[in-house]
Each structure stands twice: as C-alpha cells, then as structure tokens.
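Student: Take this structure first; my questions come after.
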Amino acid sequence: MDTKSEYYVEKSIENLKKGRSVLVIAHRLTTIIDSDCIILLEDGTVKEQGTHEELIRKKKRYAELYERQLVEEEAHNA
C-alpha cells in the first residue's frame, strides 16, 4: 500500500475506533502504532503483547520487526 492510501486507511480506522473495540490485523506496524494493545502472533502463538512503547522497550521480536520496517521504508524513500 502506498503512503497516501495508508494515511486514508489509518484515518478511517481512527474514526471507527471512537467508542468501540476494533481488531486490526496488520503487516505494516505503523498502522497499529497507536493501538491500546498490540498482540504479536507467530505460528499461531502469542509471542508478545503490550503497547508499542512497551514492546519496543522489551527489544524482542516486535522491536526487531519495527526496526526492519523503518529501515526498509527509509531505503524506499531515499
């Protein structure tokens, strides 16, 4: 998904979330960065759970995936 489309999807999700519980399945972690609770699943198993900030501080799989996506995005935008 291009950056412009991602922006519109994120805004739509933001509007839908007001007063509701929303389940978002995402490959791009920037889509879920502001979520109250992020659950990282691998091979059908919960590997990590928490807010973006908590998961980054743990420096485990979520942090690794997030860093990789940032590097890839920076390379793409260069």
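The values are calculated or read from the model by the stated rules, or taken from the named source; none is laboratory data. Given the structure is predicted, the values throughout are model-derived calculations rather than measurements. Virtual Cβ from ideal backbone geometry, glycine too; neighbours counted across all protein chains shown.
Student: With respect to SER12, is the statement that it is assigned to a helix (DSSP H, G or I) and either in contact with a Pro (Cβ under 6 Å, 6 or more places away or on another chain) or free of Cβ contacts under 8 Å to residues at least 60 places away in the same chain (or both) true?
Tutor: yes
Student: Right, something else. Could you look through the stretch 15-31, keep only residues that are among the β-branched types (Val, Ile, Thr) and part of a helix (DSSP H, G or I), and pick out the one that is nearest to TYR66 (Cα to Cα)?
Tutor: Result: THR30.
Student: Now, a different point. Which of the following residues is of a type in the set (Lys, Arg) and farther than 21 Å from ASN77 by Cβ: LYS17, LYS4, LYS11?
Tutor: After applying the criteria, what remains is LYS17.
Student: Applying the selection to the stretch 29-61, what residues are surrounded by 14 or more Cβ atoms within 10 Å (Cβ to Cβ) and closer than 22 Å to ASP2 by Cα?
Tutor: LEU29, THR30, THR31, ILE32, ILE33, SER35
Student: Here's something else I'd like to know. Would you confirm whether or not the stretch 32-54 contains a residue that is modelled with pLDDT of 95 or more, part of a helix (DSSP H, G or I) and among the β-branched types (Val, Ile, Thr)?
Tutor: no
Student: Using the structure shown, decide if GLU73 is closer than 25 Å to ASP2 by Cα and either in contact with a Phe, Trp or Tyr (Cβ under 6 Å, 6 or more places away or on another chain) or surrounded by 12 or more Cβ atoms within 10 Å (Cβ to Cβ) (or both).
Tutor: Yes, satisfied.
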